[in-house]
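Visitor: Got a structure here, written out as structure tokens. Questions coming.
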Amino acid sequence: MSSKQEMRSEETKRAILTAAGELFSKRGYDTVSIREIAKAAGCSHTTLYIYFKDKEALLHQLSEGPLQGLSEQMDSMLQDHSLAPEDRLRQISLLFIRFALANRTMYTLFFMTKATRIDVDTSESQLQKLRNHLFDLFRRAVLNCLPAEGNQDDLLAYARIYFYTLQGIVGTYTQSEETLEELMERLTSTFELTVDVMLLGMVQHANKGEDLK
């Protein structure tokens, strides 16, 4: 393939991904057809199939890169043992919220479309494995802040509650017209307080369970 052909090929692929991302974010993954994506990208649906075998391949291509980057940043923060466990939890929580609000039009696509359970890693999908890994990072961060001898079912429940609360925070602002920086400037202190309150409640609940033994 000549360099000009390679450039045209890459341009076509980028156009398809851009069109898919815009359509998915505006109308939702399930309602958009391959033909609509191809039309928006300025190519035929047969051309689209040269680059992507189906709609799910587009979902994965759009989502895996950003989620892998987020995962690597969170993993790096969790390895920073110069910080107390509570500070590491706060940092990855704010990082997650910032990422989600920066990508608010794609949030549902990244985390919920074609999703299975985040606490059971049984999927063959690389995208779902990334989602599960992100949850596992939060699980580890939360558990590092709690008594090690706590009930294992409770400890997993705490991690679920924590992760779902963060998702609820993000969902509150996905339709906001404020910029990312405006939201973070106005709400960071509230987000930090949310982390502290949730953590305090989990620690108290875990210690109460220990007192009953």
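The numbers here are math on the coordinates, done by the rules we state, and not lab data. If you're wondering where the values come from, they're calculated on a predicted model, not measured in any experiment. Cβ atoms come from the backbone with ideal geometry, glycine included; neighbour counts cover every protein chain shown.
Visitor: Below 8 Å between Cα atoms, with a sequence gap of 6+, how large is the relative contact order for the chain in percent?
Guide: Working: 157 pairs, mean separation 42.1, N = 213.
Across the chain, relative contact order equals 20 percent.
Visitor: Compute the long axis of helix 55-78 from its Cα atoms, compare it with the longest principal axis of the Cα atoms of the chain, and write down the angle in degrees, 0 to 90, nearest 10.
Guide: So the helix axis and the longest Cα principal axis differ by about 40 degrees.
Visitor: Another question, if that's okay. Could you give P(r) for the chain, binned at 10 Å from zero, as whole percent values over all Cα-Cα pairs?
Guide: 8, 28, 30, 19, 10, 4, 1, 0
Visitor: Please give the calculated 222 nm ellipticity per residue for the chain, where each DSSP H segment of at least 4 residues contributes -39500 (n - 2.57) and the sum is spread over every residue; nearest 500 deg cm²/dmol?
Guide: Values: 9 runs with 159 residues, N = 213.
About -25000 deg cm²/dmol.
Visitor: Same structure again: Convex hull over the Cα atoms of the stretch 101-161, averaged projected area in nm²? All intermediate terms of the calculation are to be shown ahead of the outcome.
Guide: Details: hull surface 19.5 nm².
Mean shadow area of the hull around the Cα atoms is 4.9 nm².
Visitor: Can you compute the modelled spin-label distance between Thr172 and Ala40, with each label point 7 Å from Cα toward Cβ, in nm?
Guide: Placing both labels 7 Å beyond Cα along the Cβ direction yields 3.0 nm.
Visitor: Between Thr18 and Ile161, what length comes free when the chain is fully extended (0.36 nm per residue of separation minus the Cα-Cα distance, one decimal in nm)?
Guide: Full extension of this stretch gives 48.1 nm more.
Visitor: Let me ask something else about it. To the nearest 0.05, what FRET efficiency results for Asn151 and Thr108 with a Förster distance of 35 Å applied to their C-beta separation?
Guide: It comes to 0.60.
Visitor: Where the centroid of each part is defined by its Cα atoms, how far is the stretch 144-188 from the stretch 1-61 in Å?
Guide: Cα centroid to Cα centroid, the span is 33 Å.
Visitor: Which aspartates and glutamates, on any chain, are close to Lys26 with Cα under 14 Å apart, when same-chain ones fewer than 8 places away are left out?
Guide: Result set, ordered by chain and number: Glu36.
Visitor: Treat each spin label as a single point 7 Å out from the Cα along the C-beta direction, and report the Asp196 to Glu181 distance in nm.
Guide: With each label placed 7 Å out from Cα toward Cβ, I get 2.7 nm.
Visitor: Same structure again: Expected output is a single nm value to one decimal: the length gained when fully extending between Asp119 and Asp75, i.e. 0.36 nm times separation in residues minus the C-alpha distance. What is it?
Guide: Additional length available on full extension: 14.1 nm.
Visitor: Additional query: Among Val203, Val142, Val197, rank each residue by its count of other Cβ atoms within 10 Å, from fewest to most, as a rough exposure measure.
Guide: Least to most surrounded, the residues fall as Val197, Val203, Val142.
Visitor: Going by the alpha-carbon gyration tensor, a ≥ b ≥ c the square roots of its eigenvalues, is the stretch 85-133 rounded (a/c under 1.5) or, if a/c is not under 1.5, prolate (a/b greater than b/c) versus oblate?
Guide: Cα axes put the stretch 85-133 in the oblate bin.
Visitor: Mind ranking 74-80, 118-124 by how tightly packed they are, going by the mean number of other C-beta atoms within 10 angstrom, highest first?
Guide: 74-80, 118-124
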